[in-house]
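First up is the structure itself, then whatever we jot down about it.
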Amino acid sequence: MDQQERREFVRSHRTAIFGYGRKQHGPSMSVVYYVMDGDDILVSTMGGRAKAKAIARNPKLSLCILDEKWPLTYLLVYCDARIETEPTKVVDLMLRIAGVMAGKPMPDSVRPIVEEGAKREGRVVVRCTPYETFHSPPKHVHDAKDVGEKLLHGLGDAMPW
C-alpha cells in the first residue's frame, strides 16, 4: 500500500485494536470504534479508564485498524494522543461513533440521552494524531494450491503518515 492507500484504508474502516503501554505487565489492547477528524483518529472513552490514564503518562499509542471482512487485513498506525474534555466535542463524537456502529446517523432526538450518558460516565475524546504506519501484505490459504511460494511472507514496511 502506498501512503494514499493507507490513509484511505483508515478512513474507510471503523474498528481498531487500541494498544498502549501499562505501568505494569505487557501492553494493553482493546477493540474500539473510531471516526476521522481530518487526519486525526478520534476514539471515545471514559476519563477514568486505563486508556486515558496511560495517555497522561505516555501519549504514544498504536491503533491496529481492522478490515472486518475475511481474510483479515489490517494496518498498524502509530499515533501521538491527547485527551480532550470539551463537553460538546465529547457528545458530538459519541453521536458520530453511534452512527458508525449503527450504519446510519443518529437523530437529534437522542442527543440529550447521549449528553446525560457522557456526564455520568465521565467521557472524553482521545485525539490520535498519526505519524507512521506499518503494513504487512496479507497472505491467506483458501485451499491446498495456496500453500507454497505465494504464502511466503516479507518483512512489511513502515511509512510516514
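We did not get these values from a lab; they are worked out from the coordinates using the rules stated. As the structure is a prediction and not an experimental result, all values here were calculated from the model. Backbone-built Cβ (ideal geometry, glycine too); neighbour counts: all protein chains shown.
Along Cα→Cβ, 7 Å out, is where each label goes; now give me the distance between the ones at MET101 and GLU121 in nm to one decimal.
Rounded to a tenth, the inter-label distance reads 0.6 nm.
What is the sum of charges around VAL91, taking Lys and Arg as +1, Asp and Glu as -1, for the other residues whose C-beta is under 11 Å from the C-beta of VAL91?
Values: positive: LYS89, ARG96, ARG111, LYS119, ARG123; negative: GLU86, ASP92, GLU115, GLU116.
Value of the local net charge: +1.
Counting helices only, and only those DSSP H runs with n ≥ 4, report the 222 nm mean residue ellipticity of the chain as the sum of -39,500 (n - 2.57) divided by its residues, in deg cm²/dmol to the nearest 500.
Taken over the chain, the calculation gives -8500 deg cm²/dmol.
Please name whichever of GLY148, ILE83, LEU42 sits farthest to the positive end of the charge dipole of the chain, dipole taken about the Cα centre and charges placed at Cβ: Lys and Arg +1, Asp and Glu -1.
Farthest towards the positive end: ILE83.
On a full-extension model of 0.36 nm per residue, what is the gain between GLU84 and GLN24, subtracting their alpha-carbon distance, rounded to one decimal in nm?
Value of the extension gain: 19.1 nm.
Is there a pair in LYS23/LYS53; LYS60/LYS89; LYS69/LYS145 whose C-alpha atoms are over 19 Å apart, and which pairs would that be? If you can, show how the numbers build up before the last one.
Values: LYS23/LYS53 10 Å; LYS60/LYS89 22 Å; LYS69/LYS145 22 Å.
Too far apart for the 19 Å limit: LYS60/LYS89; LYS69/LYS145.
Strictly under 4.7 angstrom between C-beta atoms: which cysteines of the chain have no such partner?
CYS64
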